[in-house]
């Protein structure tokens, strides 16, 4: 079977010695790094770590929304704005229709309206939202709003998709459904993805590689490659290999969670049972 990534190729995302501090002299917080990370073309890379370790900060640095305090991030891309980001809070506009929300990035890029509408409707159809094109976000459930955010990001056909815990606010059942939907979309498009999550289950289901970060200041302390071929389905959650890898990752994280803030939330998302 053809591998999902090409590790020998030049990385799509390359981070070297990236650091980030917040505050002023005397009251600075060293939030991140130094961090080194490569993400290959077509790879789905998941990043896990304790709360406050700088995962989201690193994602915003890759997106160009935050400047690193040190080091550098390089995106090897063919256009000026190659990345699209899906935030935790959906980031959709209440005063725009579903269609207008999905079309927003295309409008910014000045794609002709007819072509932009066609592409936006195509993604709405793929994500089961075609009947809600003229609705407003207030009429949608949380899961539907997250589908709108995903459709908007994918409609601009990004070279790199950045996701910051996009399913964190959803209930467990809906989260599983959207994980499987995202898995199918990303396998079909072979997009390069960098996905931040607290959930070890989510990281194993979605990722070609799971990168483990330390407590603040966040650094890469380990990485693992889930031993599951693509195309995948959510059925892999039931396999012994899945359970073994989830347990191994939790053992890697246990000390870091106890060191960092938010240990209870990470422990819960690790899926451990007493």
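The values are calculated or read from the model by the stated rules, or taken from the named source; none is laboratory data. The shown structure was predicted, so the numbers you read here are calculated from the model rather than taken from an experiment. When we count neighbours, we look across all protein chains shown, and the Cβ atoms used for this are built from the backbone with ideal geometry, even at glycine.
Things to note:
- Selection within the stretch 61-71 - closer than 18 Å to residue 30 by Cβ and within 20 Å of the chain's Cα centre (by Cα): 61, 66, 67, 68
- Residues that are closer than 16 Å to residue 195 by Cα and surrounded by fewer than 17 Cβ atoms within 10 Å (Cβ to Cβ), drawn from the stretch 66-88: 88
- Only strands (runs of 3 or more DSSP E) whose full extent lies in the stretch 180-251 are considered here, and the ones with at least 3 residues that are in contact (Cβ under 8 Å) with a residue 60 or more places away in the chain and crowded, with 16+ Cβ neighbours inside 10 Å are 192-196, 209-213.
- Leading residue by the ranking (nearest to residue 122 (Cα to Cα)) among those in the stretch 153-166 that are in contact with a strand residue (DSSP E or B) (Cβ under 8 Å, 6 or more places away or on another chain) and outside any loop (DSSP other than H, G, I, E, B): 154
- Search result, residues across the stretch 89-145 that are surrounded by 15 or more Cβ atoms within 10 Å (Cβ to Cβ), outside any helix (DSSP H, G or I) and without any contact (Cβ under 8 Å) to a residue 40 or more places away in the chain: 97, 111, 129, 133, 135
- Close pairs from the stretch 6-17: first modelled with pLDDT of 95 or more, partner loosely packed, with under 12 Cβ neighbours inside 10 Å and assigned to a strand (DSSP E or B), Cβ under 8 Å, at least 6 apart: 15/72; 16/72; 17/72
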